[in-house]
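Note sheet for the following structure.
Coordinate-derived values only; no laboratory data. These numbers come from a predicted model, not from an experiment. Cβ coordinates were reconstructed from backbone atoms using ideal geometry, including for glycine residues, and neighbour counts include every protein chain displayed.
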Amino acid sequence: MKIHPLVTDTQTLAALCDRLARSPFVTVDTEFMRENTYYPDLCLIQIADDKEAAAIDPKAKGLSLKPLLDLLVENREVLKIFHAGGQDLEIVHNLTGKTPYPLFDTQVAAMALGMGEQVGYSNLVESMIGVKLDKGARFTDWARRPLDARQIDYAIGDVTHLSTIFPKMLDKLRRTGRGEWLDTEMERLGDAASYLNIPDLAWTRIKVSSRKADVLGRLKALGAWREHEAQGKNLPRGRIVKDETLADIASHPPKTQADLAKVRGLSPNWAGNDIGGRLMAALEAAQPLPDEEMPVRDDRRPGLGKESALIADLLKLLLKIRAREADVAPRLIARSEELEAIAAGVRTGLTLLSGWRYDVFGKDAIALVEGRTAFSVRNGKLLMSEISGE
């Protein structure tokens with residue numbers, strides 16, 4: 001495989017992308033920093049097919065990423081391959097408002113091949129092609145320039161090995177007939193809506209014990225306020241205000257801005273500065289959370305009550321059994337929230353109730369919840385037994 005020098009100009013990038021556009025697939029990875037920023041700071045992009053590979057310096061003066069971004073989000077003929085690509089896709093979405101398509105994630109594919117739920121890249125490489133990766137540059141400062149040869153070699157390895165692994169994984173998926181098992185997961189990963197940081201929904205990520213409409217209304221207002229502050233300053237949310245402080249303010253709102261000096265987690269300066277004033281304005285504008293936005297309590301789900309946790313635990317046990325038998329990661333079959341929904345009596349709108357997931361697990365999950373099957377032990381092995389009707 002031909003490894004190009006670091007790409008730092010638009011003309012070279014355009015020529016590279018023109019050649020890659022003729023390939024059936026490209027492998028993609030990024031290096032970024034986000035410890036001190038709201039948005040990830042893109043520092044390097046690596047791309048390869050089965051013939052050539054290059055690292056691209058997005059910080060190079062005068063370089064336009066348009067040829068590369070067009071290849072990733074506008075070209076529908078070339079398959080884009082990532083490993084654990086969620087944050088890479090977020091970066092592309094931030095730059096374009098779109099996600100790469102068509103899309104393939106080797107970490108997701110590994111679940112269908114029984115390699116675990118979150119297999120790391122180095123473990124995947126060693127397992128699939130017997131190469132042990134040098135992790136020496138793993139925690140490098142990718143924003144610092146110039147990048148040395150070792151850093152670039154390390155970064156390019158993330159896509160050159162992937163271009164060797166992908167055909168092998170694809171062959172295994174075809175032989176086992178599990179390629180279609182990945183469709184839902186790839187669609188979920190590539191859903192552009194999941195990469196939108198909508199301020200009015202930020203509160204849903206903050207834990208608070210209260211279910212009072214006025215408290216949640218204040219939390220919604222505070223969550224949106226913090227999101228705007230973090231985006232505008234390009235700072236991590238926690239650098240503005242930590243979650244637990246927002247939850248405390250929502251539950252016990254200060255009467256005046258001067259009272260902010262008494263709030264644990266806030267600087268006393270907030271009692272008189274502009275950001276404290278904006279926080280108070282958000283609080284004053286807060287409205288009780290409407291009924292349609294109120295979170296549903298677990299104990300209000302139909303048909304459950306205090307036994308719901310036990311039912312969900314039984315379903316998790318059944319899921320482990322069926323996943324082991326199928327040699328597939330349990331998470332690819334069903335997620336915890338889907339098991340809880342089944343236990344709650346939900347029978348529509350769940351992925352595990354259709355297609356291969358239903359055949360592997362869903363039909364047995366329904367039978368267990370409805371009392372038509374039970375667990376039994378035979379020769380030291382846990383089995384499912386059908387319960388005979390009276």
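The simple spin-label model puts a point 7 Å past each Cα toward its Cβ; for THR176 and ALA258 those points are separated by 6.7 nm. Normalising by the residue count of the chain, find the relative contact order in percent from Cα pairs under 8 Å and 6+ residues apart. Here the relative contact order equals 13 percent.
For the range 199-292, the C-alpha radius of gyration sits at 0.99 times the compact-globule guess of 2.2 N^0.38 Å, with N the residue count. Would you work out if the range 298-386 is rounded, prolate or oblate? Take a ≥ b ≥ c from the square roots of the eigenvalues of the alpha-carbon gyration tensor; rounded if a/c is under 1.5, else prolate when a/b is larger than b/c, oblate otherwise. Here the range 298-386 falls in the oblate category.
Global dimensions of the chain from alpha-carbon coordinates: Rg and Dmax equal 25.1, 78 Å.
Would the range 87-178 count as rounded, prolate or oblate if I go by the C-alpha gyration tensor, calling it rounded below 1.5 in a/c and otherwise prolate when a/b exceeds b/c, oblate otherwise? Because a/c hits 1.5 or more and a/b fails to exceed b/c, the range 87-178 counts as oblate. Taking the simple approach of a point 7 Å from Cα along Cα-to-Cβ for both ALA213 and LYS98, what is their distance in nm? With each label placed 7 Å out from Cα toward Cβ, I get 4.3 nm. When shorter helices are ignored and each DSSP H run of at least 4 residues is given -39500 (n - 2.57), the per-residue value for the chain at 222 nm works out to -13000 deg cm²/dmol.
Working from label points 7 Å from Cα in the Cα-to-Cβ sense, the ARG335 to LYS135 distance is 2.8 nm.
Scalar couplings 3J(HN,Hα) for the range 321-329, obtained by applying the Karplus form with A = 6.51, B = -1.76, C = 1.60 to θ = phi - 60°, are 5, 5, 5, 5, 5, 7, 6, 9, 5 Hz; x denotes Gly and Pro. Across the range 2-195, the relative contact order, built from alpha-carbon pairs under 8 Å that are at least six residues apart, equals 24 percent. For the residue pairs LYS61/LYS233; LYS207/LYS255; LYS98/LYS212, alpha carbon separations beyond 27 Å are given by LYS98/LYS212. Taking packing as the residue-averaged number of other Cβ atoms within 10 angstrom, the listed peptides 336-347, 219-230, 140-151 run from highest to lowest as 219-230, 336-347, 140-151.
Identify, among ALA261, LEU246, ASN197, the residue whose Cα sits farthest towards the positive end of the charge dipole of the chain, taking +1 on the Cβ of Lys and Arg and -1 on the Cβ of Asp and Glu, with the dipole about the Cα centre. Final value for the positive-end residue is ALA261.
Using Cβ point charges alone (K and R +1, D and E -1), the dipole size of the range 245-378 about the Cα centre works out to roughly 480 debye.
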